[in-house]
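Trainee: Handing you a structure now.
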Amino acid sequence: MTTQRASDVMVKALENEGVERIFGIPGEENLDFVDSLRNSSIELILTRHEQAAAFMAATYGG
């Protein structure tokens, strides 16, 4: 029996909405989410600062 985490459901919902890339910084607070991304089609773009991730996401999505 496989246990499904909330992060798995969230990543699947993002895939269903057509999200291709996510910008951010991995850390202990979002470790489950980053782990769920490993098994998805969504690419995680690593940044060095949260503000840079926000700018990149706004430019990419804008």
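Trainee: Can you tell which of 54, 6 is touching a helix residue (DSSP H, G or I) at 6+ places or on another chain (Cβ under 8 Å) and among the small types (Gly, Ala, Ser)? Don't jump to the end; show me each part of the working.
Mentor: Details: 54 fails: touching a helix residue (DSSP H, G or I) at 6+ places or on another chain (Cβ under 8 Å).
That would be 6, the only listed residue that is touching a helix residue (DSSP H, G or I) at 6+ places or on another chain (Cβ under 8 Å) and among the small types (Gly, Ala, Ser).
Trainee: Just the residues that are in a helix (DSSP H, G or I), of a type in the set (A, V, I, L, M) and open to solvent by 40 Å² or more (accessible area, probe 1.4 Å), please, taken from the range 7-51.
Mentor: Listed by number, the residues that qualify are 9, 10, 13, 14, 31.
The values are calculated or read from the model by the stated rules, or taken from the named source; none is laboratory data. Predicted model, so just to flag it, every value in this text is computed and none were measured. When we count neighbours, we look across all protein chains shown, and the Cβ atoms used for this are built from the backbone with ideal geometry, even at glycine. The protein model used for the area step is the full one, side chains on, heavy atoms only, and it has no ligands, DNA or RNA in it. Shrake-Rupley method; radii C 1.70, N 1.55, O 1.52, S 1.80 Å.
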